[in-house]
Number of protein chains: 2
Amino acid sequence: MIQKPTLILDKGKCLQNIKRMSEKVNKSNVNFRPHFKTHQSAVIANWYKKFNVNSIAVSSVDMAVYFADNDWSDITIAFPVNILEIEKINILAKKIVLNLLVESIDSVVFLKNNLKHKVGIFIKIDIGYHRTGLDVDDISTIDKIIEISDSSENIELKGFLSHAGHTYHAKSKEEIKNIYYESVSKLNVLKKRYNNRNLIISYGDTPSCSLINDFSDVDEIRPGNFVFYDLMQYKLQSCTFDDIAVVMACPVVAKHKKRNEIIIYGGAVHFSKEYLLHNNERFYGYLVNFDFKNKKWDIKNQKNYLSSVSQEHGVLKVEEEVFENINIGNIIGIIPVHSCLTVNLMKNLMTFDNEVIETMR
Amino acid sequence: MIQKPTLILDKGKCLQNIKRMSEKVNKSNVNFRPHFKTHQSAVIANWYKKFNVNSIAVSSVDMAVYFADNDWSDITIAFPVNILEIEKINILAKKIVLNLLVESIDSVVFLKNNLKHKVGIFIKIDIGYHRTGLDVDDISTIDKIIEISDSSENIELKGFLSHAGHTYHAKSKEEIKNIYYESVSKLNVLKKRYNNRNLIISYGDTPSCSLINDFSDVDEIRPGNFVFYDLMQYKLQSCTFDDIAVVMACPVVAKHKKRNEIIIYGGAVHFSKEYLLHNNERFYGYLVNFDFKNKKWDIKNQKNYLSSVSQEHGVLKVEEEVFENINIGNIIGIIPVHSCLTVNLMKNLMTFDNEVIETMR
């Protein structure tokens, strides 16, 4: 019986999400390299094998070590290489096909001087998100990185990698698709410039990959969040409500009739402090009709929502009728805003069959 | 050597913070029941023993179990009792002096019917934060809770407990102090109403407890965050910058000269997504001059700050001169906004003497 905040995974929905994405990728005849930072779990990783997934992306050296220890042998660390972790990188590079991201002369010179085994590198290209990466027209730096790579026996240049994180600020499906088309077009100009080299374009972000059906203009896609989806993706229309595969089950501990507010055991250490805005009000999750016994949930409406979170408390604002039907000691279900951060905090998920799935620690 | 995001603890500052608070409490001749949700560590808990601390507050049943397992025998779970965890509560109640919070008839009736061992209860009073608790003038509910407690052989009513969380929205020191005086005055009216019962007032929040020197109007204080402090407390003027005992050490992985931005390995899974506003800009931490070798840090200025965090990336906006002096592979120091959430994510801290201090898992 659920006694405290528990992240419930609908395994059927999760498998369906993997299947849908993998079928689209196969149809486009490109490589599928799902990002595993969302689930961080060797058990869930295994579910991808059924769909012939052999290559993965992760967001840290430690995560690469974890998945390498769990028999994944083709891993891209999709984060600007942290040269301070060169020892772990060398151990990994000896054991598996390891790809790193570079975006500076300094990093690639360091790798040239310190790598003991072969790695692949991708040059990180900023195609509009402006978080990190080289500008697509910074040809002089790109040329220098290539020159240094060529002069190193342990570096093999594999291609260009981009993350279109600005799709998360898009206002419509069309805007997301346009970001994809524009970005991919820029990357292909770059690819053609070096077309004697057999470089690939690696592209990823769940909104684009969910809304685009034909990936044939890139060589590899790396979405991650689609495995679970969440309210953020739902708001972006990357998924339907029914595609969301995780719900947080939380005990009700207090009620405040004057304010139609319900206090749950479930706060920032469970959900994270990620929020979205709806009519200028913050919300940290939506209440659903949660039915563990019958293995399902469905949304009531957007008027019943988690309006604030402190460390362990969550405040749920609900309609009067809903208020009357929820009692202290009940377990209610809330769809999280950002499943990656929620899973990272919870460290495990429970399926409807009471299987507890652990993530890396 | 630091290779990845590492939460550094200045043990001297931390001990000083504990000492300062404990001396104020002793001078006021009230009970000190520090909240351990900030550090969640048996090692740091032991440091309090030097200051004769024997009673503690925690925010979950699991945290109570952890500290009970680490020889703490007087614990208040300062969170509305989660009746679904009654089994664990009964095991704890057999073993230690356990206090629970109630704020509804339903919860106290449940306890009466299900407790197997004696517990103390505090009635949670809302003195203006409006998160949870009974209104101070809801005498009919308070009376009923007392009546039910009196009829139970396993419930001993101990007093009234409040958390003035609204001090976190205060605009000045004076406002924080006024909240304290007003709240304590309301609680004393309540206490007098039941003055044949020897009830106590338990009060806590770091801003009030840091700014008030004489606690003699309450019986017990429960601050937690003061053990480390953080930028939120600094902004509230609960502490000086030098009182802050934690800094996050993060590797530099990329630089963007056009924007004077530095990309660090250190994101939402390290700092949390808690932010503050400065001139309408969000910031997730301030850059400091961090000198691990000489065991110190000091602030540059508020113009060098963590301006956004995604899962593992942090974007540091800096002045041009600062930009030129930070290189890829450097370790920089950032003071977190909210140390409770940062510690909860990191799960361990490292002192300047390379001692690694683990928290509960």
Helix B:139-150: angle to the longest alpha-carbon principal axis of chain B, degrees 0 to 90, nearest 10? 70
Under 24 Å between alpha carbons: how many lysine pairs meet that in the stretch B:253-361, if sequence neighbours fewer than 8 apart on the same chain are excluded? 21
For chain A, with equal point scatterers placed on the C-alpha atoms only and solvent neglected, what are the log10 I(q)/I(0) values from the Debye formula at q = 0.08, 0.14 1/Å, to two decimals? -0.43, -1.13
Can you spot the aspartates and glutamates whose alpha carbon is less than 18 Å from residue B:171's alpha carbon? Ignore those fewer than 8 places along the same chain. B:182, B:205, B:230, B:281
When the Kirkwood hydrodynamic radius is evaluated over all pairs of different C-alpha atoms of the protein assembly as shown, what value in angstrom, to one decimal, is obtained? 26.9
For the rotation taking chain B to chain A, which residue of B has the Cβ nearest the axis, and how many Å away is it? B:273, 2
Unit charges on C-beta of K, R, D, E only; dipole of the stretch B:241-358, Debye: 380
Among A:263, A:51, A:239, whose Cα projects farthest towards the positive end of the dipole of chain A, with charges put on the beta-carbon of Lys, Arg (+1) and Asp, Glu (-1)? A:263
Given the options A:302, A:331, A:227, identify the residue whose Cα lies farthest towards the positive end of the charge dipole of chain A (+1 on Cβ of Lys, Arg; -1 on Cβ of Asp, Glu). A:331
Of all GluC sites (Glu not before Pro) in the stretch A:159-214, the ones in DSSP coil with at most 15 other Cβ atoms within 10 Å are none
Cα centre as origin, Lys/Arg/Asp/Glu Cβ charges: the stretch B:157-243 dipole, Debye: 520
Given Cβ charges of +1 for Lys and Arg and -1 for Asp and Glu, the option among B:39, B:25, B:149 whose Cα lies farthest towards the positive end of the dipole of chain B is B:39
Under 5 Å from the placed amide H of residue B:332, counting only residues 5+ away or on other chains, we find B:250, B:252
Suppose R0 equals 22 Å; then what is the FRET efficiency for residue A:303 and residue A:173 from their Cβ-Cβ distance, rounded to the nearest 0.05? 0.35
Percent antiparallel among DSSP beta bridges (both partners in the protein assembly as shown, rounded to 5): 55
Cα-based Lys proximity count in the stretch B:1-90, under 25 Å, for pairs eight or more positions apart or on separate chains: 26
Can you list the distances in nanometres, one decimal and ascending, from the residue A:235 label point to the identical position in each other copy, with the point 7 Å along Cα to Cβ? 2.0
Going residue by residue through the stretch A:163-170, the Karplus relation 6.51 cos²θ - 1.76 cosθ + 1.60 with θ = phi - 60° gives ³J(HN,Hα) values, rounded to whole Hz and with x marking Gly or Pro, of 10, 8, x, 6, 4, 5, 9, 5
Point-charge dipole on Cβ atoms (K/R +1, D/E -1) for the protein assembly as shown, about Cα centre, debye to 20: 440
Semi-axes of the equivalent ellipsoid for the stretch B:215-311, Cα gyration tensor, largest first, Å: 29, 16, 13
For residue A:135, place a label point 7 Å out from Cα along the Cα→Cβ vector, do the same in each other copy, and report the separations in nm, one decimal, smallest first. 6.1
Computed over chain B: longest principal axis from alpha-carbon atoms vs helix B:105-114 long axis, angle to nearest 10 degrees, is 80
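Every number here is computed from the coordinates shown, using simple stated rules; none is lab data. The structure displayed is predicted, hence computed values, not measured ones. With ideal geometry, Cβ positions are generated from the backbone for all residues, glycine too; neighbour counts draw on all protein chains shown.
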